[in-house]
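Below is one structure; the comments refer to it alone.
The values are calculated or read from the model by the stated rules, or taken from the named source; none is laboratory data. Everything quoted here is computed from the prediction, not taken from an experiment. Don't worry about glycine lacking a Cβ; one is built from the backbone with ideal geometry, like all the others, and counts go over all protein chains shown.
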Amino acid sequence: MRSAKYSGAGPAAEVISVIDVEVPAPGPGEVLVRVGAAGLNPVDVKIRAAARDFGPIRYTDHPGWDVAGVVAAVGAGVEDWAVGDRVFALAAFPAAAHTLADYAVVAAADLAPAPLSWTTAQAGAAPLTALTAWQALEAAEVGKGQRVLVLGGAGGVGHLAVQLAAARGADVVATGSPAKHGLLLSWGAQEVVDYHDEAALAALAPVDAVIITVDDTLPPRGAVSQGTAVITITGLSEAQAAQLASWGADPVERILVAASGSQLAEIAELAESGRVTVHLDSQFPLEELAAAQERVESGRVTGKVAVVVDPSV
């Protein structure tokens, strides 16, 4: 089968290739998935560029964590999945998963039924970002009637955080460039703010929760009051965390996404009801993985980049 491979650290076009390897076999509690599509995320390009671990996130020269496709075989003890089932998953994260290939072995517990309302490319692009958004909102204890600020609302995690917060009944404020305001409103934001407009940012009223999806960004001072939960997926410096705490933010927390088939199943139910979708910025075949990673590295992505491994799946 075909599998993406890194030869080491370096530019995407220089270190990415597609090679032939043996089809893996699922072990106990595992499923072999015929891959239709896989998503790309900033962590994919960062780990390729450095060819090393990032904390608990394991480097491997056979990349990929997001996956959507069809069950091709099941290992011993697997009862919830059968050959032919359409599935999607965040596989094994933060351990290596090797989903950018024709076939991938995935723990049965990481899988969920792929939404019928999404294309395979959408399902493949969703898991890491959808689960990150879900778990960030869980950490902030976002619920009905709360006011939530999503910084970077048009990005991979951001556009799903906007939709999932709205699905929880929250009032969503999202930042983005003016060209993306229409999209943000269509995803359920009730208020949109140009992240370059300092006056508009300064005028924001306090919110119950802030979800930070972009590097080196703090919420406007006016948006944070006593008890505002601030959740970041990118990390904060000690000085930034201390500043937020001095404003009364509680908690101030960084999260690292964890694989969860059960949470993906809940997200899939929201997708089937028309409340959550995946905006695809672009799609690339597996042979153009380098170009796909360069697109992610450009910083101009709206929504997600998908790698289509097998268009027939």
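Here are the numbers for the structure shown:
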{"quantity": "Residue satisfying all of: in region 221-264; among the polar types (S, T, N, Q) and not in a loop (DSSP other than H, G, I, E, B); surrounded by the most Cβ atoms within 10 Å (Cβ to Cβ) among these", "calculated": "232"}
{"quantity": "Set 237, 260, 246: member being modelled with pLDDT under 95 and out of contact with any Gly (no Cβ under 9 Å at 6 or more places or on another chain)", "calculated": "237"}
{"quantity": "Any chance residue 185 is buried (at least 19 other Cβ atoms within 10 Å of the Cβ) and of a type in the set (A, V, I, L, M)", "calculated": "no"}
{"quantity": "Selection within region 10-56 - of a type in the set (Asp, Glu) and surrounded by fewer than 20 Cβ atoms within 10 Å (Cβ to Cβ)", "calculated": "14, 20, 22, 53"}
{"quantity": "Set 290, 241, 223: member being assigned by TED's automatic domain parsing to the domain that holds residue 183, more than 15 Å from residue 129 (Cα to Cα) and touching a residue at least 40 places away in the same chain (Cβ under 8 Å)", "calculated": "223"}
{"quantity": "Residue that is surrounded by the most Cβ atoms within 10 Å (Cβ to Cβ), among those in region 265-308 that are within 20 Å of residue 109 (Cβ to Cβ) and in contact with a strand residue (DSSP E or B) (Cβ under 7 Å, 6 or more places away or on another chain)", "calculated": "268"}
{"quantity": "Which listed residue is crowded, with 16+ Cβ neighbours inside 10 Å, under 18 Å from the mean Cα position of the chain (by Cα), outside any strand (DSSP E or B) and in the same structural domain as residue 142 (by TED's automatic domain parsing), from 218, 201, 164", "calculated": "164"}
{"quantity": "Residue within region 18-30 that is touching a residue at least 60 places away in the same chain (Cβ under 8 Å), hydrophobic (A, V, I, L, M, F, W, C) and within 26 Å of residue 214 (Cβ to Cβ) present", "calculated": "no"}
{"quantity": "Residue 95 vs. criteria out of contact with any Gly (no Cβ under 8 Å at 6 or more places or on another chain), free of Cβ contacts under 8 Å to residues at least 60 places away in the same chain and either buried (at least 24 other Cβ atoms within 10 Å of the Cβ) or part of a loop (DSSP other than H, G, I, E, B) (or both)", "calculated": "yes"}
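Residue by residue, here is whether (1) basic (Lys, Arg); (2) in the same structural domain as residue 101 (by TED's automatic domain parsing); (3) modelled with pLDDT of 95 or more holds:
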| site | (1), (2), (3) |
| --- | --- |
| 13 | no, yes, yes |
| 29 | no, yes, yes |
| 48 | yes, yes, yes |
| 55 | no, yes, no |
| 58 | yes, yes, no |
| 64 | no, yes, yes |
| 82 | no, yes, yes |
